[in-house]
Amino acid sequence: MTDETYKSGFACFVGRPNAGKSTLTNALVGSKVVITSSKPQTTRTVVRGIVHRDDAQLVLVDTPGLHKPRTLLGERLNDLVKTTWAEVDVVAVCFPANEKPGPGDRFIVNELAKVRKSVKFAIATKTDLVTSEQLGEHLLAIAELGRETGTEWAQIVPVSAHSGDQVQLLADLFVDQLPEGPQLYPDGELSDAPEEAIVAELIREASLEGVRDELPHSIAVVVEEMGLKEDRPADKPLLYIYANLFVERDSQKGIIIGHKGARLKEVGMAARKQIEAILGTPVYLDLRVKIAKDWQRDPRQLRKLGF
C-alpha cells in the first residue's frame, strides 16, 4: 500500500450525558481508553482513543455530554465540546435506542447545525436493548429531527457497542470521510492522555460505582505522585501511586470512606485492578479523601483540580 492512499483524521462523539459515547469509543479502539459509568457526566476530559488500521489512523475524541450548565464546571465542559466540534473531520451524535429523542437531543443538534465544516453522522446506540420494531421507529425519529433542524446526516447508523454489532461498519464509514494524510501517532499507542490522567479517571470511575446521585459531580481525583519503586528487581516492578479524592462536603467524605473505611478500601481495590490491567504493572495505590468546598463553582479550585 502506498502512502498516497493512507488516511488520517479525527472523529468526535457527542450526545446527552450517558448516551453511550464512552462505551462506543472503547469498542472501536478495542481497549479501555475512557471511563464508563451509569452515572451521567462521567466524562470530563476530551480523551483521544486511537484506531490503528492498515489503511488509516482514526483518532476518536470523546467529549463530555453537552447539557444546560448549572455550575462554572458545567460551562467549561460545554465550551470544550463546542471547540472540539469545530476542529474534527466527523461529528457523530449518539441517540440511545432505548430512549426517545427529546429536548436535550434537539438542543445538541441545533447547536451542531451552527458547525459548517464537519461531516455529521447520527448513531443509534444501545440497539441490543430494543426490538427491531422499536429500533425502526427510533431511526425514523432521528431522521425527522435532522429534517426539523436543517441538519444533513451523512449516515444514520444503528450500533451496539455491547454486542459489537455494526461497530466495524462504523469505523469504515468514518474512515471514508477522512482526508489523506500521514500516521499521527506511533503504532500501538491507544490514547494520547498522559498515564496520570488515565489513572485519575480510573480511580474516579471506581469511586462512582454505587454512590448516591448527588455525588458524581462532586468527585474529582488528583494524582499527587506516581512512579516505579527504585529498590525493586527489574523483573518485579511496582508502580506506586499517591492520589487524593476530592469531594465538596463533610457528608460526602463520609459516604466515600464508608463504615470504618470499608467503601474506600473497595474503591482502591477496584481501581488498582483496572490500573494494573491497562498499564501492565503491579500497583501500590494510596488513596486519601479530602474536602475542596464547593469546588465546581470556584474558579481557583477548578484550576487547581485541572479544569
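The values are calculated or read from the model by the stated rules, or taken from the named source; none is laboratory data. Because the structure is a prediction, the values reported are computed rather than measured. We place every Cβ from the backbone using ideal geometry, glycine too, and count neighbours over all the protein chains shown.
General observations
Results for (1) free of Cβ contacts under 8 Å to residues at least 24 places away in the same chain; (2) closer than 30 Å to residue 256 by Cβ, shown as yes or no for each residue.
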site	(1), (2)
116	yes, no
133	yes, no
145	no, no
174	no, no
200	no, yes
205	no, yes
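- For residue 286, the criteria (1) under 22 Å from the mean Cα position of the chain (by Cα); (2) at pLDDT 90 or above hold in every case but one, which is (1).
- In the range 235-252, the residues that are more than 26 Å from the chain's Cα centre (by Cα) and among the hydrophobic types (A, V, I, L, M, F, W, C): 238
- In the set 205, 266, 201, 276, only one residue is in a helix (DSSP H, G or I), of a type in the set (Asp, Glu) and over 22 Å from the mean Cα position of the chain (by Cα); that residue is 266.
- Residues that are of a type outside the set (Asp, Glu) and touching a strand residue (DSSP E or B) at 6+ places or on another chain (Cβ under 7 Å) were ranked within the range 250-266; the one that is surrounded by the fewest Cβ atoms within 10 Å (Cβ to Cβ) is 253.
The rows are residues; the columns are (1) surrounded by 17 or more Cβ atoms within 10 Å (Cβ to Cβ); (2) under 20 Å from the mean Cα position of the chain (by Cα); (3) farther than 26 Å from residue 128 by Cβ; (4) modelled with pLDDT under 90.
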site	(1), (2), (3), (4)
143	no, no, no, no
150	no, no, yes, no
153	yes, no, no, no
158	yes, yes, no, no
164	no, yes, no, no
168	no, yes, no, no
173	yes, no, no, no
176	no, no, no, no
180	no, no, yes, no
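- Summed over the range 244-263, residues that are closer than 16 Å to residue 218 by Cα and touching a helix residue (DSSP H, G or I) at 6+ places or on another chain (Cβ under 8 Å) total 9.
- In the range 108-125, residue farthest from the chain's Cα centre (by Cα) [restricted to those that are within 19 Å of residue 98 (Cα to Cα) and modelled with pLDDT under 95]: 109
- Close pairs (6 angstrom Cβ cut-off, 6 or more residues apart or separate chains): under 14 Å from residue 246 (Cα atoms) in the range 278-307, of a type in the set (S, T, N, Q) and modelled with pLDDT of 80 or more anywhere: 288/244; 290/244
- When 105, 62, 79 are checked against the criterion of being modelled with pLDDT of 90 or more and either in the same structural domain as residue 172 (by TED's automatic domain parsing) or touching a His at 6+ places or on another chain (Cβ under 7 Å) (or both), a single residue qualifies: 105.
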